[in-house]
1. What is the local net charge at residue 145, summed over the other residues whose Cβ is closer than 9 Å to its Cβ (Lys, Arg +1; Asp, Glu -1)?
2. How do 199-205, 113-119 rank on mean C-beta neighbours within 10 Å, highest first?
3. Taking 0.36 nm per intervening residue step and subtracting the Cα-Cα distance, what contour gain separates residue 211 from residue 61 on full extension?
4. Among the lysines, select those whose C-alpha is under 30 Å from the C-alpha of residue 211, and discard any that sit fewer than 8 residues away in the same chain.
5. Listed highest first by mean packing, meaning other Cβ atoms within 10 Å per residue, what order do 64-73, 103-112 come in?
6. Let me check I have the definition right: for the stretch 131-206, take the eigenvalues of the Cα gyration tensor, multiply each by 5, take square roots. What are those semi-axes in whole Å, largest first?
7. Averaging sequence separations of C-alpha pairs under 8 Å and six or more residues apart, then dividing by the length of the stretch 35-182, give the relative contact order as a whole percent.
8. May I ask you to derive the relative contact order of the stretch 164-240, considering only C-alpha pairs under 8 Å and at least 6 residues apart, and to give it as an integer percent?
Amino acid sequence: MAALRRTLHLASLAAGTRRTVAGSLAGSCLADRSLWDKLHAQPRQGSVRTFDWFFGYEEAQGLLLPLLEKAQAACPARVLDVGCGTSSLCTGLYTKCPHPVDVLGVDFSPVAVAHMKSLLEGGEGQTPLCPGHPDSSLHFVQADGQNLQPVASSGSFQLVLDKGTWDAVAQGGLPGAYQLLAECLRVLSPQGTLIQFSDEDPDVRLPCLEKGSQGWTVTVQELGPFRGITYFAYVIQGSD
């Protein structure tokens, strides 16, 4: 079902950038960094400066904002977007979240990181991004989600986001996906929340997450449908 949903999703992507992206991914291993470097190097259409696989910040904010409001004991709340690519998730949190947030976007593609730094700083004649709260901050760093030791200490984030990153890494084998999950849980505070956004069906994803998240509580929420596709938010939190 998940494979069929992805096929339908690619077939229904809008013209321009999304159609070009879909063609670039056809028949490729999504765990291959060179694929993503090539993808992120493609020119954007018009004024669109980000590309969102699945969906963007606007669709996710209803789930994220209540969690960030509860996390205000740590002020600002620290948020990690692992495998951020050129998504609007980080930039949306930074520019639109009414609560103070310290957002870190990491990706193993140096091309993606360079693009997002340029977007943040106002490169190529663009206007620099402005925070939605005066105490908010945003940074982008090149790092592999399977080894976050160079950029993130244990228990240092109140919210960790994975939008399609497990899906991509799992294309190279489940051991890599489990290592990604282990690193996300390592950097997550004991009272924090890890969310995996995916179109993969719960009957496939939940057994994997329950196996790799022992001692944590795993739940799932439906999101959407967006553009005719139903997605899932796999929420992992510390057990009471």
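1. Local charge sum for residue 145: -4.
2. Ranking the peptides 199-205, 113-119 by packing returns 113-119, 199-205.
3. Contour length minus Cα-Cα distance gives 51.2 nm.
4. Of all the lysines, those that pass the test against residue 211 - Cα under 30 Å, at least 8 places apart if same chain - are 70, 163.
5. Order by mean packing, descending: 103-112, 64-73.
6. Ellipsoid semi-axes (Å, largest first): 23, 15, 13.
7. Averaging sequence separation for qualifying contacts and normalising by length gives 26 percent for the stretch 35-182.
8. RCO, the stretch 164-240: 32 percent.
The values are calculated or read from the model by the stated rules, or taken from the named source; none is laboratory data. Since the structure is predicted, the reported quantities are computational estimates derived from the model, not experimental observations. A quick note on method: Cβ atoms are made from the backbone with ideal geometry, for glycine too, and the neighbour counts reach across all protein chains shown. The area values use the complete protein model at the heavy-atom level, side chains included, leaving out ligands, DNA and RNA. Shrake-Rupley method; radii C 1.70, N 1.55, O 1.52, S 1.80 Å.
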